[in-house]
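The next block holds one structure in the form of structure tokens; read it before the comments.
The values are calculated or read from the model by the stated rules, or taken from the named source; none is laboratory data. Not measured: the values here are computed from a predicted model. As a convention, Cβ positions derive from the backbone with ideal geometry for all residues, glycine included, and neighbour counts pool all protein chains shown.
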């Protein structure tokens, strides 16, 4: 979630929670005699109970929204490298292409898909890599090699800290029926 959206949601949720508390304060201590209440022949305090119930539902929803905004990590779309010559921004799509091209050097792999999420204040990367292998044996070892290649590429060459790397490697069968919708 972007910082601007996070700030907007937090302000809306705080205003909503204050509004709910104000609404409960207005309804609960006062006993209002409304004309339409007498016309509907409702039992006493029904409107107050309904108002408090709706305020509780609104308050819970706004509190959940506030907690979500506070604890969800910020997502970034690029990484900035600062030097005395200036700043260099590399987008996450460029990082994905760099990793994909490095993994494509292995001739046994194809249909490689790399997704990177850049999270947190320190901008740590989380990678999801999926590929198909022409070898049906030693998939775990191949997956570890792919993970090591991707981590080296990001950490050593681009100086990007890595939070987690997940590799999904599946065997490719030539007689496999693929259905495209």
| Out of (1) crowded, with 16+ Cβ neighbours inside 10 Å; (2) assigned to a helix (DSSP H, G or I); (3) in contact with a strand residue (DSSP E or B) (Cβ under 9 Å, 6 or more places away or on another chain), what's the single condition that is false for residue 94? | (1)
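So which residues in the stretch 163-181 are over 13 Å from residue 99 (Cα atoms) and at pLDDT 80 or above?
Hits for the stretch 163-181 are 163, 164, 166, 168, 169, 170, 171.
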| task | Return only the number of the condition from (1) within 19 Å of the chain's Cα centre (by Cα); (2) under 26 Å from residue 3 (Cβ atoms); (3) not assigned by TED's automatic domain parsing to the domain that holds residue 21 that residue 89 does not satisfy. | result | (1)
| remark: When (1) within 30 Å of residue 18 (Cα to Cα); (2) surrounded by 11 or more Cβ atoms within 10 Å (Cβ to Cβ); (3) in contact (Cβ under 8 Å) with a residue 40 or more places away in the chain are applied to residue 110, the one that fails is (1)
| query | What residue, among those in the stretch 129-164 that are assigned to a strand (DSSP E or B) and more than 30 Å from residue 82 (Cα to Cα), is nearest to the chain's Cα centre (by Cα)? | reply | 130
| query | Can residue 21 be described as modelled with pLDDT of 75 or more and surrounded by 12 or more Cβ atoms within 10 Å (Cβ to Cβ)? | reply | no
| remark: Among (1) within 22 Å of residue 88 (Cα to Cα); (2) surrounded by 15 or more Cβ atoms within 10 Å (Cβ to Cβ); (3) touching a strand residue (DSSP E or B) at 6+ places or on another chain (Cβ under 7 Å), residue 115 falls short only on (2)
